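Shown next, in structure tokens, is the structure this report addresses.
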Amino acid sequence: MELARVLFGRSTVARYSLWSLARNALSHQEDWPRQWRSPEPAEHYDVIIVGGGGHGLATAYYLAKEHGITRVAVLEKGWLGGGNTGRNTTIVRSNYLWDESAALYDKSLTLWEGLSRDLNYNVMLSQRGVLNLAHTLPDVRAGRRRVEANRLNGIDSEWVEPARIARICPILDISTSRRYPILGATWQARGGVARHDAVAWGYARAADARGVDILQTCEVTGIRRDRDGRVSGVETSRGPIGAPTVGIVAAGHTSVLAAMADVRLPIQTRPLQALVSEPIKPVIDCVVMSGAVHVYVSQSDKGELVIGAGIDAYNSYAQRGGFHVLERQIAALTELVPITARLRMMRAWAGIADICPDASPIIGATPVPGLYINGGWGTGGFKATPASGWLFAWTLAKGEPHPIAAPFSLDRFTTGALIDEHGAAGVAH
Amino acid sequence: MLRLECPWCGPREEPEFHYGGQAHVVRPEDPGALDDAAWGAYVFLRDNPKGVFAERWVHASGCRRWFNVLRDTVTNEVLAVYRMGEPMPVIMASGRAGEEGAP
């Protein structure tokens with residue numbers, strides 16, 4: 001096993017293929033190797049990633065793949081993908097307004113499109129299209145403006161009128177007598193959904209195969225600095241681990257971890273809820289979002305409607321939200337899709353979203369040398385997972401931001417060069 | 001859903017209130033004298049603790065008056081409610097509000 005690893009530069013993780021599937025069928029699928037190792041922490045690494053969600057694992061994977069840095073540890077206080085990676089509504093799209101965001105999210109969508117092949121892991125990307133509804137004249141103007149901005153940035157985006165909306169998604173009520181009539185929509189055909197758990201697992205397996213140590217139940221409790229103030233490692237629940245470079249990729253706890261190195265951030269942490277219905281036959285084969293009545297919905301492969309809610313009004317780390325927020329979501333859904341009125345809801349949950357004042361993320365250096373942050377993705381980080389990891393890996397490897405990541409630096413809150421994406425963010429906050 | 005005790009109207013449910021973020025953020029005396037970093041810090045940087053947080057609420061559907069709340073951001077337990085201009089109560093180790101506090 002070790003020999004194979006030396007020879008091929010990777011562990012002997014079984015490659016998934018039709019052939020391996022057929023061969024393992026002969027042994028009743030009981031002989032599959034574990035998808036990643038659970039090693040003991042080493043004393044020292046080149047890079048420590050704090051946070052074993054999609055973004056952190058993607059960062060580790062691209063550090064190894066693109067930059068040849070494999071002495072990397074991913075520290076996760078719980079289990080992989082157990083935070084916001086496992087709590088979102090899995091929507092993938094890139095129709096953001098500003099040039100900076102368009103470059104970021106379209107880089108991500110491009111990576112998504114080759115991801116299953118790249119990772120040899122089916123992330124179940126389904127490019128079923130994303131509708132973003134407009135219900136008022138200002139909505140229409142903002143939507144059209146966003147479509148034109150997208151097209152100038154080479155992003156597939158178009159404006160669709162109600163008659164076409166009815167063909168794309170027949171269960172929407174497009175009658176003009178509704179309180180919130182549907183006047184038009186933006187449509188991104190390349191958008192869609194992906195399997196959130198598979199994204200974490202796929203990146204974990206591929207990173208592990210390239211030599212990255214994934215350490216679960218390893219909670220960071222402090223950030224070590226040397227006499228010059230440079231980062232020298234972290235304190236964890238499994239003992240101290242040294243590294244000259246530490247990247248915080250811990251959605252929901254970015255502020256808490258940064259505070260360990262006395263870094264203050266322009267981030268507020270709020271609960272964001274979602275819920276799923278009982279499974280029903282296929283009724284919706286795209287993603288529908290509405291900022292004005294405020295709901296977004298798609299249908300899972302199991303048949304459940306996956307419904308995203310708004311954020312709660314106050315700061316909270318509780319991973320649960322108020323019932324009145326869900327109630328508003330259901331009211332919005334039944335307004336938009338009257339056939340859901342008698343649908344029963346099965347589960348509701350909340351993630352905690354780190355929100356920046358401009359609804360854009362922070363990717364880059366902090367005032368503490370060696371300490372980097374990739375966070376503040378707010379309510380829409382899942383779609384950015386591949387690009388987030390790809391850009392952050394570049395930043396960690398070279399010590400300077402990739403041109404796409406450069407505008408998302410922390411110092412934009414000093415220069416004032418904000419990237420205001422409240423309109424495109426999808427969730428009001 | 002939180003239940004907050006408005007200092008003037010008594011206990012009411014959360015939808016009657018609007019949130020105002022961190023309490024006791026003092027506007028700089030002379031903004032023109034600040035450099036960009038200091039002004040940016042005043043405008044954008046806020047505490048975001050996992051634990052006790054002093055925050056402002058307004059009773060929007062009631063008396064429309066502002067007040068401060070000390071709340072634990074993990075348990076959502078409201079530890080103290082106090083009026084604008086009053087000092088922040090000291091939170092004892094027991095999690096109960098004490099008599100006196102810093103302004």
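The values are calculated or read from the model by the stated rules, or taken from the named source; none is laboratory data. If you're wondering where the values come from, they're calculated on a predicted model, not measured in any experiment. Cβ placement follows ideal geometry from the backbone for every residue including glycine, while neighbour counts extend to all protein chains displayed. Surface accessibility is based on the protein's heavy atoms, side chains included, excluding ligands, DNA and RNA. Shrake-Rupley method; radii C 1.70, N 1.55, O 1.52, S 1.80 Å.
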Next item on the list: Working from the alpha-carbon coordinates of chain A, get Rg over Rh, Rh being the Kirkwood radius.
Entry: 0.98
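In segment B:1-64, which GluC sites (Glu not before Pro) are in a loop and have at most 16 other Cβ atoms within 10 Å, using DSSP for the loop call? Walk me through the numbers on the way to the answer.
On the way: sites: B:GLU5, B:GLU13, B:GLU16, B:GLU29, B:GLU55; in loops: B:GLU29.
Filter output for segment B:1-64: B:GLU29.
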Item checked: Sulfur and carbon atoms: percent of accessible area, the protein assembly as shown [1.4 Å] -> 52
Next item on the list: Can you find, among A:VAL295, A:THR245, A:PRO266, the residue farthest towards the positive end of the dipole of segment A:230-300? Put +1 on the C-beta of Lys and Arg, -1 on that of Asp and Glu.
Entry: A:THR245
Next item on the list: Using label points projected 7 Å from each Cα along Cα→Cβ, tell me how many nm separate A:SER177 and B:ARG83, to one decimal.
Entry: 5.3
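Just checking the output field for A:411-420: average partner chain Cβ neighbours within 10 Å of each residue's Cβ?
Working: counts 3, 2, 7, 9, 3, 5, 0, 1, 0, 0.
Taking the mean over all residues of the peptide, I get 3.
How much FRET efficiency would the formula 1/(1 + (r/R0)^6) give for A:ARG238 and B:ARG3, where r is the Cβ-Cβ distance and R0 is 45 Å, rounded to 0.05? Mind dumping the intermediate values first?
Numbers: r = 40 Å, r/R0 = 0.90.
Result of the calculation: an efficiency of 0.65.
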Next item on the list: Order these peptides, A:322-328, A:82-88, by their mean beta-carbon neighbour count within 10 angstrom, highest first.
Entry: A:82-88, A:322-328
Note to self: Just to confirm, what accessible area per residue do you get for segment B:3-98 at 1.4 Å probe, in whole Å²?
What the structure shows: 56
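Within 10 Å of each Cβ in A:307-317, how many Cβ atoms from other chains are there, averaged over the peptide?
Working: counts 0, 0, 0, 0, 0, 5, 9, 14, 12, 9, 10.
Mean shielding by partner chains, rounded to a whole number: 5.
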Next item on the list: Using a Gaussian network model of chain A whose springs link C-alpha atoms within less than 10 Å, name the residue from A:SER388, A:SER237, A:SER409 with the highest mean-square fluctuation.
Entry: A:SER237
Check: Over chain A, what relative contact order in percent results from Cα pairs under 8 Å that are six or more residues apart?
Finding: 22
Notebook entry, point to check: Pick from A:SER94, A:SER157, A:SER27: which is most flexible by mean-square fluctuation in a GNM of chain A where alpha carbon atoms under 10 Å apart are linked?
Noted result: A:SER27
Checklist line | Summed buried accessible surface, chains B and A, 1.4 Å probe, nearest 100 Å² | finding: 2000
Check: Quick one: how many Å² of A:TYR314 are accessible to a 1.4 Å probe, rounded to 10?
Finding: 0
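Please give the peptides A:137-144, A:349-356 ranked by average Cβ packing (other Cβ atoms within 10 Å per residue), highest first, as a rough proxy for protection. Show your work: numbers first, answer last.
Values: A:137-144: 15.2, A:349-356: 23.5.
Output ranking for A:137-144, A:349-356: A:349-356, A:137-144.
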Next item on the list: Using a Gaussian network model of chain A whose springs link C-alpha atoms within less than 10 Å, name the residue from A:ALA198, A:ALA189, A:ALA25 with the highest mean-square fluctuation.
Entry: A:ALA25
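For chain B, what is the convex hull volume of the alpha-carbon atoms per residue, in Å³?
Numbers: hull volume 12.8 nm³, N = 103.
Value for chain B: 125 Å³ per residue.
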Check: Antiparallel as a % of all DSSP beta bridges within the protein assembly as shown, to the nearest 5?
Finding: 75
Item checked: Cα Rg, Dmax, segment A:58-104, angstrom units -> 14.8, 38
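State to the nearest 20 debye the size of the charge dipole of the protein assembly as shown about its Cα centre, where the only charges are +1 on K and R beta carbons and -1 on D and E beta carbons.
Dipole about the Cα centre, nearest 20: 1280 debye.
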Next item on the list: Would you mind checking which residues have amide H under 5 Å from A:ARG238's amide H? H placed 1.01 Å from N; only 5 or more apart, or other chain.
Entry: A:GLU219
Checklist line | Residues in segment A:386-406 reached by a label modelled at A:ARG117 [backbone nitrogen below 19 Å; 7 Å Cα→Cβ] | finding: A:386-387
Item checked: Overall Cα dimensions of segment A:292-414, principal axis frame, Å, largest first -> 55, 32, 25
Notebook entry, point to check: Which of the aspartates and glutamates could a cross-linker bridge to A:LYS281, judged by Cα under 15 Å and excluding same-chain residues fewer than eight apart?
Noted result: A:ASP301, A:GLU304
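Per residue of chain B, what 222 nm ellipticity follows from adding -39500 (n - 2.57) for every DSSP H run with n ≥ 4, rounded to the nearest 500?
-2500 deg cm²/dmol
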